[in-house]
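Below is one structure; the comments refer to it alone.
A short reminder: the numbers here are calculations on the coordinates, not readings from a lab. Since the model is a prediction, treat every value here as computed from it, not as a measurement. Cβ coordinates were reconstructed from backbone atoms using ideal geometry, including for glycine residues, and neighbour counts include every protein chain displayed.
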Amino acid sequence: MSRRPLPRLARTLAVTLALGGALALGGCGVKGPLEPPPGTALGTPGPDGKMPKDTGPVKPKQPFILDGLL
């Protein structure tokens, strides 16, 4: 029983679709801070008894060289 190799076009198409799918799924997600798992405490209260305010991640203020193109 001999196996026939895939034609070059079919192999190229399969690799292209696999890479495209991986890139598309790699870009999925929610922009913003991470959310805690359900059923856990959101944090510990501070010394005044109030919960700390979540301000999210600190963004750098440095401009990027390609910002003008965006």
For LYS59, the aspartates and glutamates lying under 19 Å Cα to Cα, once residues fewer than eight places off in the same chain are dropped, come out as GLU35, ASP67
Output wanted: per-residue J couplings in Hz (rounded whole) for the stretch 13-23, from phi through Karplus 6.51 cos²θ - 1.76 cosθ + 1.60, θ = phi - 60°, x for Gly and Pro. 5, 5, 5, 5, 5, 5, 5, x, x, 5, 5
FRET efficiency estimate (nearest 0.05) - Cβ-Cβ, ARG11 to LEU69, R0 35 angstrom: 0.50
Highest mean packing first, using Cβ neighbours within 10 angstrom, the peptides 14-26, 58-70 sort as 14-26, 58-70
